[in-house]
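First the structure, in the form of structure tokens, and then the observations on it.
Bear in mind that the values in this text are calculations on the coordinates, not laboratory data. This one's a predicted model, so the numbers in the text were calculated from it and none came from an experiment. For neighbour counting, all protein chains shown are included, and Cβ atoms are generated from backbone atoms with ideal geometry for every residue, glycine included.
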Amino acid sequence: MLKMSRLPGRAVKRFGWSLERHQLWLSGEYLLHREISGYREEVKRYYYGDIQAIVSGPSLGFRTCNILCLLVLSLLSLLALAMYLTSASVTAYTLVFLGAGLSGFTLSGNLIFGPTCKTTLYTATSEAQLYSLGRRRSTEKAIARILPFIEAAQGAYAAPTPSTEPVEFGGITSEGAVPPPSLEDPPNP
Amino acid sequence: MRNTIVRCSACERALKLPADVGYTSLDCDHCDKSTDIWLFPALHRVKNNSAPQQVVDEGHSSCMNHPSKRAVAVCDGCGKFLCALCDIPWNNDHLCSQCIEHQQEKDADNVLRSTYIHYDRIVLLLAFFSIFLFYLGLFFAPAALFIAWRYWKEPWRPVPYKKWGMITYVTVAFLALVVWSSAIVVAIINL
């Protein structure tokens, strides 16, 4: 059996009062989604044979964060410059410079980590947002690692063809009568 | 089984999926945002016998839970006859709901467990308190040792982990207990 390994990407989300850390792990049989909140952890297992689709699209986080940080950075930098030129107290403009530095640090971090995205995994019974795959780059890396496992479990994708076999709904088939069961009829235990 | 509707990640509207490709990058009709989509064969898989069948004649065996339904499988755990509704495919086996429950109790691989408690972190916190909360350490240190002993064999995490951390915290809690006990004994003797 394949040893479990962690996939790229992590996320910390706030749900009400609690903070939840999200991680995604790869196993030989399933994809493990961990939600860690304090001392408690909830996991969801998505078996490779059950995964129907993975959808990943851009989210607003990257642009919003960049605009906000840039705005704060420019305002604080201008303010700090004005305070410096008008010979305000050293402590005051140092504090403003520190604020500008902090927003610059956040901005550069956001630019380094790259664009954000929202990734959703679909199975027949559920659709789950994979919060840990919130950055484009980590999503691409993670999906490249997941795909071989899903293909090994389900085979390569082929276009659906109209089935020649009768589709059965509640005992009534498209061909009329219910076919006899293939199970041998042993005596009831 | 529900019909899976794949949605645009930006506007949440349903996307028109291509029929013939596994991977595609689609532009949403409503918001024009580009979305990457990976489709897998499970999307088009139709589960046969998803509805229980009626018993046709006396010669057929019936489900143990639903006597009016025809059996389609035999439980690999207990040998019960199961209809399509009661049959739960599990690791290439067919199990009934009772056997799944039993499996959950003696789940060696922990693949049915969905909640884990990080006991090692609780012991770490108690060991920390036992050092820094002075004489209250006399309560926290035994609590840490008790939790470590009680939940040593429980799985703390769903992923591989080492027990060295827990051993360290237990040692710290034990030392704290010894130190605080000695301090109290010395204080009593001095009095």
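Computed about its Cα centre, the charge dipole of the protein assembly as shown is approximately 1840 debye, with only Lys, Arg, Asp and Glu carrying charge at their Cβ. Other protein chain C-beta atoms within 10 Å of residue C-beta, averaged over B:62-74: 2.
Applying the Karplus relation 6.51 cos²θ - 1.76 cosθ + 1.60 with θ = phi - 60° to region B:138-147 yields 3J(HN,Hα) values of 5, 9, 6, 4, x, 4, 4, 5, 5, 5 Hz, where x marks Gly and Pro.
Place +1 on the Cβ of every Lys and Arg and -1 on the Cβ of every Asp and Glu in region A:1-105, take the dipole about the Cα centre, and give the residue among A:75, A:93, A:51 whose Cα lies farthest towards its positive end. Sorting the options by dipole projection puts first A:51. Distance between the modelled labels on residue A:113 and residue B:34, one decimal in nanometres: 2.3 nm (7 Å Cα→Cβ projection). Per-residue mean of foreign Cβ neighbours for B:14-23 is 3 (Cβ atoms of other chains, 10 Å radius). Summing +1 for each Lys or Arg and -1 for each Asp or Glu among the other residues whose beta-carbon sits under 10 angstrom from that of residue A:62 gives +3. Secondary-structure-derived ellipticity at 222 nm for chain B, considering helices only, amounts to -11000 deg cm²/dmol, per-run term -39500 (n - 2.57) for DSSP H runs with n ≥ 4. Filter A:13/B:163; A:3/B:162; A:13/A:118; A:3/A:141; A:3/A:44; A:118/A:141 down to the pairs with a C-alpha to C-alpha distance above 22 Å, please. Result: A:13/B:163 exceed 22 Å. Remark: mean inter-chain Cβ contacts per residue of A:36-43 equal 5, using a 10 Å Cβ-Cβ cutoff to other protein chain atoms.
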